[in-house]
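A short worksheet on the structure shown next.
The values are calculated or read from the model by the stated rules, or taken from the named source; none is laboratory data. What you see is a predicted model, and the numbers here were worked out from it, not measured in a lab. All Cβ positions, glycine included, derive from the backbone under ideal geometry; neighbour counts span all protein chains shown.
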Amino acid sequence: MPWQQNRGHYILVLDLDRRVRVTVGRLGTFTFDPGLYCYVGRSKTHLRQRLARHSRKEKTTRWHIDHLLPHTSIRVILLFPLEGLTECILAQSLARQGGIPFPTGFGASDCSCPGHLILLSPGKLTENPRLNKVRLNQILEWLKPTGGEQRWISVSARGKSSCANP
Ligand SMILES: [Zn+2]
């Protein structure tokens, strides 16, 4: 139970509503097209504090994701156990379903996989590339083989969180 144990893997489902050009530290400067992005992360301790930090607007930039977050809204957070999984497995599960790791190496400085930020190809599931219930259920379906707990937190536009199990 990642939330209670305060450690685990997580996926931030991010909505980007316009094209932006962002410098991601030393990785480089990239143009991000609008759409849904999934960022896969891991916190061995202090998971709740990490998620709160991701939600905060004012902070120093430490990770690649810190550069992108100010341009997006966090729509949903999916939680997974720490044991038996890696960020790479979760990212690759999404990539196998047509998600595109972009930009190469994002969030993946410590491993050799294509990256931990996955652009879900717009229009693959619905005409609307933004998040809706159908799309969220599809993402959960894709991740089922990883054995994730599938607890999710939906984050409203005002930043208030509520927990639920779908
Ligand atoms: Zn990786």
State yes or no: is Asp66 of a type in the set (Asp, Glu), part of a strand (DSSP E or B) and away from the ligand (no atom under 16 Å from the Cβ)?
no
Exactly one of these conditions fails for Thr23: (1) away from the ligand (no atom under 16 Å from the Cβ); (2) polar (S, T, N, Q); (3) over 12 Å from Pro103 (Cα atoms). Give me its number.
(3)
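Each row is one residue, and each column tells you yes or no for (1) outside any strand (DSSP E or B); (2) modelled with pLDDT under 85; (3) within 14 Å of the ligand (Cβ to nearest atom).
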position	(1), (2), (3)
Ala108	yes, no, yes
Cys111	yes, no, yes
Ile118	no, no, yes
Thr126	yes, yes, no
Glu141	yes, yes, no
Pro145	yes, yes, no
Glu149	yes, yes, no
Ala157	yes, yes, no
Ser162	no, yes, no
Residue in the range 56-72 that is crowded, with 18+ Cβ neighbours inside 10 Å and β-branched (Val, Ile, Thr) present
yes
Considering residues of the range 26-60 that are touching a Lys or Arg at 6+ places or on another chain (Cβ under 9 Å) and among the small types (Gly, Ala, Ser) only, the residue farthest from the ligand (Cβ to nearest atom):
Gly35
Within the range 23-59, residues at pLDDT 90 or above, over 30 Å from Gly84 (Cβ atoms) and more than 17 Å from the chain's Cα centre (by Cα) come out as Thr23, Gly25, Arg26, Gly28, Thr29, Phe30, Thr31
The range 69-106, residues that are within 23 Å of Asp33 (Cβ to Cβ), within 16 Å of the ligand (Cβ to nearest atom) and among the hydrophobic types (A, V, I, L, M, F, W, C):
Leu90, Ala91, Leu94, Ala95, Ile100, Phe102, Phe106
